[in-house]
Amino acid sequence: MQNPYISRCVLGVLPVLGASTAFGALAEYRFDSGSQGAIGTDPGIIAGQFEAASTLDDSNNGATGGTPSNYSSEHARLTANRVIGASGTPGTVTSSITDGEFFQFQLEATSGNQLNLTQLKFSTNYYGTDAAVFASYFVRSSLDNFNANLGVTTDPVFDGIFAHQLQASSSGFVERIINLGPEFQNILGPVTFHLYMFDNNNSASRWVAVDNVVIDGTVTAIPEPGVAAVFLSGGLLALLRRRNR
């Protein structure tokens, strides 16, 4: 039979060992009014800007001018003359990684806290005037030096690849959800996410877009080892005294 006094002792210690915020969105990127900053940010984290990689430039993509990305339409997108593939050819997973075709953002817990990340959500779109082509998206993180795709999808070749058929308008965003594994628990340092993209066409008259990027989880205080030992030993001592009465 469970001893209710033991339960009370343990429950009394847990808040001291690491008080956690309620589960929910730690940071969101909505791109309202063209902003690249996070909104609704948990006070226990520092969230960097959502931005195009420095390698996402015209020289890698066969484009003929213009800025690599913009946010003025209240979503992050590559400008109309972008060609998402090496030297203007249709892209692949390999070319997307080699040529640095990604957006990125970074999260870090404030001093004395650790991150527990559970889910990454983002919406994709691919729109323009070409024939029936598609764009692909995948996400990697700095925790394994960007080696593996996050998430599991129904793509016949690669897990973690999200395909988006070309749309006629910019209203066809589709939400993607990635459940994050145990390696995203108790993160003490910064973690960076790369959202890669490529398409299977070499025309330039279409846009690759991302919106509503949300990272869910909690922020937990890092327990002090000495404090934990004191409270655990104190709880056990109180239990022994009660049992000896």
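Looking at the range 73-101, which of the residues that are hydrophobic (A, V, I, L, M, F, W, C) and crowded, with 22+ Cβ neighbours inside 10 Å is modelled with the lowest pLDDT?
Within the range 73-101, the subset hydrophobic (A, V, I, L, M, F, W, C) is 76, 78, 80, 83-84, 86, 93, 97.
Next, from what is left, pick out any that are crowded, with 22+ Cβ neighbours inside 10 Å: 76, 78, 83-84.
On the way: A76: 85, L78: 73, V83: 56, I84: 63.
Among them, the one singled out is V83.
For T110, are the conditions met, namely being under 30 Å from T220 (Cβ atoms), out of contact with any strand residue (DSSP E or B) (no Cβ under 6 Å at 6 or more places or on another chain), surrounded by fewer than 16 Cβ atoms within 10 Å (Cβ to Cβ) and at pLDDT 80 or above?
Spelling it out, T110 is indeed under 30 Å from T220 (Cβ atoms), out of contact with any strand residue (DSSP E or B) (no Cβ under 6 Å at 6 or more places or on another chain), surrounded by fewer than 16 Cβ atoms within 10 Å (Cβ to Cβ) and at pLDDT 80 or above.
It is to be established whether one or more residues within the range 139-158 are modelled with pLDDT under 80 and not in a loop (DSSP other than H, G, I, E, B).
First pass over the range 139-158, keeping only residues modelled with pLDDT under 80: 152-158.
Narrowing the set further to residues that are not in a loop (DSSP other than H, G, I, E, B) leaves none.
Among the residues of the range 139-158, not one is modelled with pLDDT under 80 and not in a loop (DSSP other than H, G, I, E, B), which makes the answer no.
Filter the range 23-65 down to residues that are among the aromatic types (F, W, Y) and in a loop (DSSP other than H, G, I, E, B) and give me whichever is modelled with the lowest pLDDT. Of everything passing the filter in the range 23-65, F23 is modelled with the lowest pLDDT.
If the condition is being within 14 Å of the chain's Cα centre (by Cα) and farther than 17 Å from S123 by Cβ, then the range 24-36 contributes G24, L26.
Residues checked against (1) modelled with pLDDT of 95 or more; (2) closer than 24 Å to I97 by Cβ; (3) of a type in the set (G, A, S); (4) surrounded by 15 or more Cβ atoms within 10 Å (Cβ to Cβ):
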residue: Q185; (1), (2), (3), (4): yes, no, no, yes
residue: P190; (1), (2), (3), (4): yes, yes, no, no
residue: H194; (1), (2), (3), (4): yes, yes, no, yes
residue: F198; (1), (2), (3), (4): no, yes, no, yes
residue: D211; (1), (2), (3), (4): no, yes, no, yes
residue: I215; (1), (2), (3), (4): yes, yes, no, yes
residue: P225; (1), (2), (3), (4): no, no, no, no
residue: S233; (1), (2), (3), (4): no, no, yes, no
residue: L240; (1), (2), (3), (4): no, no, no, no
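The values are calculated or read from the model by the stated rules, or taken from the named source; none is laboratory data. Because the structure is predicted, anything quoted here is derived from the model rather than measured. Cβ: placed from backbone, ideal geometry, glycine included. Neighbour counts: every protein chain shown.
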